[in-house]
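Engineer: Below is the structure I would like to discuss, written out as structure tokens.
The values are calculated or read from the model by the stated rules, or taken from the named source; none is laboratory data. In this text the structure is predicted, and so the values were computed from the model without any measurement. In this analysis, Cβ positions are derived from the backbone assuming ideal geometry, glycine residues included, and neighbour counts consider all displayed protein chains. The protein model used for the area step is the full one, side chains on, heavy atoms only, and it has no ligands, DNA or RNA in it. Shrake-Rupley method; radii C 1.70, N 1.55, O 1.52, S 1.80 Å.
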Amino acid sequence: VQLQASGGGLVQAGNSLRLSCLASGLTSSNYDMGWFRQAPGKEREFVASDRWRRGDGTYYKDSVKGRFTISRNNAKNTVYLQMHSLEPEDTAVYCCAAGRPHYYDRSDGYNYWGQGTLVTVSS
């Protein structure tokens with residue numbers, strides 16, 4: 001199983017980026033998919049989850065609600081994270097994950113992880 005995240009880069013505050021995560025070796029429709037991020041010197045934190053498998057919908061970290069949108073294309077085995085109105089505090093390495101977590105915001109519930117893509121937001 002491989003999760004390949006892409007789409008990161010350097011942007012100015014207020015701008016947008018779309019991250020993609022291509023899954024291979026698994027069928028994404030059988031898994032919940034999530035995005036987590038880790039800023040320098042900080043713990044990894046939950047960003048967004050799409051509980052497709054459970055049919056529960058999508059969930060977001062409070063600070064990204066209204067700015068970020070998680071979506072997926074199961075035919076392409078790909079999950080996306082559309083990020084608008086980016087802030088310097090969003091600077092981090094963003095990783096996608098697949099699993100069947102009981103708690104959508106806990107990283108230990110996800111079985112498969114991508115290597116991450118770096119998002120840097122300048123002020």
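Engineer: Any residue in segment 94-122 that's within 14 Å of residue 24 (Cα to Cα) and outside any loop (DSSP other than H, G, I, E, B): show its pairings with residues that are among the β-branched types (Val, Ile, Thr) and open to solvent by less than 70 Å² (accessible area, probe 1.4 Å) at Cβ separation under 8 Å, as long as the two are six or more apart or on different chains.
Structural biologist: 96/79
Engineer: Which residues, taken from segment 84-108, are touching a Ser or Thr at 6+ places or on another chain (Cβ under 6 Å) and of a type outside the set (Val, Ile, Thr)?
Structural biologist: Listed by number, the residues that qualify are 84, 88, 94, 104.
Engineer: Residue under question is residue 81, and the condition is that it be assigned to a strand (DSSP E or B), under 23 Å from residue 2 (Cα atoms), of a type in the set (A, V, I, L, M) and open to solvent by less than 30 Å² (accessible area, probe 1.4 Å); does it hold? Steps first, please.
Structural biologist: Working: assigned to a strand (DSSP E or B): yes; under 23 Å from residue 2 (Cα atoms): yes; of a type in the set (A, V, I, L, M): yes; open to solvent by less than 30 Å² (accessible area, probe 1.4 Å): yes.
Answer is yes for this residue.
Engineer: Before we move on, is residue 6 at pLDDT 95 or above, in contact with a His (Cβ under 8 Å, 6 or more places away or on another chain), more than 15 Å from residue 110 (Cα to Cα) and open to solvent by 50 Å² or more (accessible area, probe 1.4 Å)?
Structural biologist: No, not satisfied.
Engineer: If you don't mind, another one. Restricting to segment 51-75, what's the tally of residues that are under 14 Å from residue 31 (Cα atoms) and outside any strand (DSSP E or B)?
Structural biologist: Final tally of qualifying residues: 7.
Engineer: Only one of these is open to solvent by 20 Å² or more (accessible area, probe 1.4 Å) and under 13 Å from the mean Cα position of the chain (by Cα): 58, 27, 91. Name it.
Structural biologist: 58
Engineer: So residue 74 clears everything in (1) more than 24 Å from residue 108 (Cβ to Cβ); (2) in contact (Cβ under 8 Å) with a residue 60 or more places away in the chain except one condition, right? Which one?
Structural biologist: Every listed condition holds for residue 74 apart from (2).
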